[in-house]
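Below: one structure, written as structure tokens.
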Amino acid sequence: MTGQETRGLSTADLAGAAEQPRTEERRDTRSREVSDVDTEVREAQDRGADRNTADRGARTDGAPPLFEGGDVDRFRHRWQEVQTGFVDDPRRAVRDADELVASVISSLAETFAEHKGELEAQWRDGEPATEDLRIALRRYRSFFDQLLGT
């Protein structure tokens, strides 16, 4: 604004005019953040659809899956909700993500304990055959590879 334009304006008018670009900057920044999260949500949904298709395929190594199909779907659905919720409440989304990951890890520990219990029950009746041990080792290798994503 030129000197002549500012003569008829109050201090509040001038302060408001000075504040307007900052407000627009904040809106633009927030808009970019929301857009980035939306893009990440869409990409995660696409990856989830790809994984769901792969997860439902038959395992070729005979090892049981880490999670039942319903659990996988439930975890992925919950993750999408958490990620979408980031737009409205980022702090809560991070807390929810932490709780979800803890729940997945707990479920994984339960699954591992069940499989281990099944193996130990098979071996209570005496010394397991070498073939049974070979199969058990293959299952552990598969479990290990799944944990590492290989």
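If you take the residues in segment 113-148 that are part of a loop (DSSP other than H, G, I, E, B) and open to solvent by 70 Å² or more (accessible area, probe 1.4 Å), which one is modelled with the lowest pLDDT?
Looking at residues that are part of a loop (DSSP other than H, G, I, E, B) and open to solvent by 70 Å² or more (accessible area, probe 1.4 Å), I get Asp125.
Give me the residue from segment 98-109 that is hydrophobic (A, V, I, L, M, F, W, C), touching a residue at least 12 places away in the same chain (Cβ under 8 Å) and open to solvent by 30 Å² or more (accessible area, probe 1.4 Å) and, out of that set, farthest from His77 (Cα to Cα).
Selected residue: Leu108.
From the list Arg91, Arg74, Arg95, which one is more than 14 Å from the chain's Cα centre (by Cα), open to solvent by 90 Å² or more (accessible area, probe 1.4 Å) and of a type in the set (Lys, Arg)?
Of Arg91, Arg74, Arg95, the one residue that is more than 14 Å from the chain's Cα centre (by Cα), open to solvent by 90 Å² or more (accessible area, probe 1.4 Å) and of a type in the set (Lys, Arg) is Arg91.
The values are calculated or read from the model by the stated rules, or taken from the named source; none is laboratory data. Small disclaimer: the values here were computed from a predicted structure and weren't measured. Cβ coordinates were reconstructed from backbone atoms using ideal geometry, including for glycine residues, and neighbour counts include every protein chain displayed. Note: accessible area is taken over every heavy atom of the protein model, side chains too, but ligands, DNA and RNA are not part of it. Shrake-Rupley method; radii C 1.70, N 1.55, O 1.52, S 1.80 Å.
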